[in-house]
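Student: Questions regarding the structure given below will be posed in turn.
The values are calculated or read from the model by the stated rules, or taken from the named source; none is laboratory data. Predicted model only: the values in this text are computed from it and were never measured. Cβ atoms come from the backbone with ideal geometry, glycine included; neighbour counts cover every protein chain shown.
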Amino acid sequence: MQFHLSKFISFSILLITVSSINQWTSLPIGNTFLWWGIYISILWAFLKARKGYYDKNNNQLITVVSLYLFWNIFCIIRGFFVAENYWEWKNLVGTAMIFLLPVSVYITTNRDIMQKLLGTWIKYALPAFFLFIPFFVSNDALGQYLVPISFLLLFFPLLSKKWKVVILFFTFFVVVGALDARSNVIKFSVAFVFGMLFYSRELIPKGTYNCVRLLFLAIPIILFISAVTGGVNVFKMDEYINGDYTTTVVENGEVKEESLTTDTRTLLYEEVLFSALKNNYILFGRTPARGNDSELFGLYLAEELNTGKMERFNNEVSILNIFTWTGLIGVFLYFLIFYRASFLAIKRSNNTVIKIIGMYVTFRWAYAWVEDFSRFDLSYFFLWALIGMCFSRSFRQMNDLEMKLWVRGIFDVRYRKMQLTLNLLMKNYFKKQFLTENVLPK
């Protein structure tokens, strides 16, 4: 049973890959109900695999993830009493599956599962990328499909020369070939910069990782307070940056110029906050069945969907959606996950890579205040995979050599065997040390 479950979990990464690009491809890949069935199957497999692959020694550390999941479930149940029409029920069911995706943390703490997931994607999804390209209708699809490449950029110094070239090739594809898809460019670039820190690990002063961690955790909150109280608003870049910064984008087949300094976020924050104040759901949220009142998009959606409600179900900014659906309590629990995961990665890790991952996780917390959609896709799945690795004792206990063998084992089974041999030797060594010190006469 566990063998078949492991196989399905490995295969699930391919299904999530297709789901990630579904809205940006001209291929008719399934329908809503088919994908709901697939998502339910994947979530069931993750939950079922917890029994065989989750190390219970992580229980105390991972409590905050469980609390966040329980709160999400509570908000979903509340949504059943709130939903009033077809679209609200559809939003509730679809978002419920996204809210349950954090259960993947229980299996991504397992080194073998993570290795198999990535190995499967490299073997099947990476070559298939070129088959999908002709059907992409937006450059966003490039970065969405290649999310695991951005994940591997965090391990770049540990890759073989061959795979360094391959990873750089696909990174170039995203960064240069899709500049208008700014979110993907930012996430790939930051992952690469963080990954390169491994080369200068001996020169980085002690405490730097934690300073960067605390900075990323605090900056969005400080800037939010500043903007609300009438101080600096970083989204109004045109007020602080001189010059004309534009890029070419394609919308509905038309080529247009778009300014890179245009403020596209302030009005979203204003609408979400005013809606919460007006309808009194600041603390508990409006449930995943409802969105925020919207003057910008509400009228169009009310007429187009025939709901009669001037609401926008979700926004481009991840943290605004979490706030709308789960309230301040949900945002606070979400913050605690990033705080705890990054603390363990940086303060309780024996290898440099997990420290780097801890910093990248806090970057994703900060970026959630700018964009970073919450969808059932590779980007959101790998965010929870990174969080799982931070919580995992087995990942944090590895040294740099063991981590190198683990990373290379993604691509080559020989390194997996070397890692098993090393683990066995270390186990026997410590067993011998224990017997010598505690059993044998001195």
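Student: Being surrounded by fewer than 24 Cβ atoms within 10 Å (Cβ to Cβ) and either modelled with pLDDT under 95 or basic (Lys, Arg) (or both) is the filter here; which residues of region 352-366 pass it?
Tutor: Arg364 - this is the single residue of region 352-366 that is surrounded by fewer than 24 Cβ atoms within 10 Å (Cβ to Cβ) and either modelled with pLDDT under 95 or basic (Lys, Arg) (or both).
Student: I'd like to check something: does region 42-54 contain any residue that is closer than 22 Å to Leu126 by Cα and either surrounded by 17 or more Cβ atoms within 10 Å (Cβ to Cβ) or small (Gly, Ala, Ser) (or both)?
Tutor: Within region 42-54, one or more residues are closer than 22 Å to Leu126 by Cα and either surrounded by 17 or more Cβ atoms within 10 Å (Cβ to Cβ) or small (Gly, Ala, Ser) (or both).
Student: Continuing with this model, one more query. Restricting the search to region 17-34, which residues are without any contact (Cβ under 8 Å) to a residue 40 or more places away in the chain and assigned to a helix (DSSP H, G or I)?
Tutor: Once the filter is applied, which keeps residues that are without any contact (Cβ under 8 Å) to a residue 40 or more places away in the chain and assigned to a helix (DSSP H, G or I), region 17-34 yields Val18, Asn22, Gln23, Phe33, Leu34.
Student: Look at Ala385 and say whether it is of a type in the set (Gly, Ala, Ser), part of a helix (DSSP H, G or I) and within 20 Å of Leu214 (Cα to Cα).
Tutor: no
Student: Is there any pair linking a residue in region 274-292 that is touching a residue at least 60 places away in the same chain (Cβ under 8 Å) and under 16 Å from Asn315 (Cβ atoms) to one that is hydroxyl-bearing (Ser, Thr, Tyr) and part of a helix (DSSP H, G or I), with Cβ under 7 Å and at least six apart or on different chains, and which?
Tutor: Gly285/Thr324; Gly285/Thr326; Arg286/Thr324; Pro288/Thr95; Gly291/Thr324
Student: Name the residue that is surrounded by the fewest Cβ atoms within 10 Å (Cβ to Cβ), counting only residues in region 78-100 that are touching a helix residue (DSSP H, G or I) at 6+ places or on another chain (Cβ under 6 Å) and assigned to a helix (DSSP H, G or I).
Tutor: Met97
Student: Of these, Phe194, Phe129, Phe99, which one is within 30 Å of Glu402 (Cβ to Cβ) and either hydrophobic (A, V, I, L, M, F, W, C) or modelled with pLDDT under 95 (or both)?
Tutor: Phe194
Student: Could I ask something else about it? Of all residues in region 292-315, which are out of contact with any strand residue (DSSP E or B) (no Cβ under 8 Å at 6 or more places or on another chain), closer than 15 Å to Ala83 by Cβ and among the charged types (D, E, K, R)?
Tutor: The one that is out of contact with any strand residue (DSSP E or B) (no Cβ under 8 Å at 6 or more places or on another chain), closer than 15 Å to Ala83 by Cβ and among the charged types (D, E, K, R): Lys309.
Student: May I ask you to say which residue of Leu131, Leu126 is out of contact with any helix residue (DSSP H, G or I) (no Cβ under 7 Å at 6 or more places or on another chain), farther than 25 Å from Ala45 by Cα and either among the aliphatic types (A, V, I, L, M) or assigned to a helix (DSSP H, G or I) (or both)? Outline the logic, then answer.
Tutor: Values: Leu126 fails: farther than 25 Å from Ala45 by Cα.
Selected residue: Leu131, the only one of Leu131, Leu126 that is out of contact with any helix residue (DSSP H, G or I) (no Cβ under 7 Å at 6 or more places or on another chain), farther than 25 Å from Ala45 by Cα and either among the aliphatic types (A, V, I, L, M) or assigned to a helix (DSSP H, G or I) (or both).
Student: Here's something else I'd like to know. If we keep just the residues of region 382-430 that are among the polar types (S, T, N, Q) and more than 30 Å from Ser19 (Cβ to Cβ), which is modelled with the lowest pLDDT?
Tutor: Looking at residues that are among the polar types (S, T, N, Q) and more than 30 Å from Ser19 (Cβ to Cβ), I get Asn428.
Student: A follow-up question, please. Say we look at region 249-282 and pick out the residues that are surrounded by fewer than 12 Cβ atoms within 10 Å (Cβ to Cβ) and part of a loop (DSSP other than H, G, I, E, B); which of these is modelled with the highest pLDDT?
Tutor: First, the residues of region 249-282 that are surrounded by fewer than 12 Cβ atoms within 10 Å (Cβ to Cβ): 251-255, 257, 277-278, 280.
Right, trim to part of a loop (DSSP other than H, G, I, E, B) and you get 252-253, 280.
On the way: Asn252: 44, Gly253: 47, Asn280: 95.
Step by step, filter region 249-282, then rank; the result is Asn280.
Student: While we're looking at this one, here's another question. Of the conditions (1) in a loop (DSSP other than H, G, I, E, B); (2) among the small types (Gly, Ala, Ser); (3) within 22 Å of Pro220 (Cα to Cα); (4) out of contact with any Ser or Thr (no Cβ under 7 Å at 6 or more places or on another chain), Ala289 fails just one. Which one is it?
Tutor: (3)
Student: With respect to Pro102, determine if the residue is under 21 Å from the mean Cα position of the chain (by Cα) and not hydrophobic (A, V, I, L, M, F, W, C). Working first, answer last.
Tutor: Values: under 21 Å from the mean Cα position of the chain (by Cα): yes; not hydrophobic (A, V, I, L, M, F, W, C): yes.
Against the criterion (under 21 Å from the mean Cα position of the chain (by Cα) and not hydrophobic (A, V, I, L, M, F, W, C)), Pro102 qualifies.
Student: For region 54-80, name all the residues that are more than 17 Å from Leu383 (Cα to Cα), of a type outside the set (Gly, Ala, Ser) and modelled with pLDDT of 95 or more. First the steps, then the outcome.
Tutor: Initial filter on region 54-80 (more than 17 Å from Leu383 (Cα to Cα)): 54-61, 63, 67, 70-80.
In the following step, the residues that additionally are of a type outside the set (Gly, Ala, Ser) were identified as 54-61, 63, 67, 70-78, 80.
Listed by number, the residues that qualify are Leu67, Phe70, Trp71, Asn72, Ile73, Phe74, Cys75, Ile76, Ile77, Arg78, Phe80.
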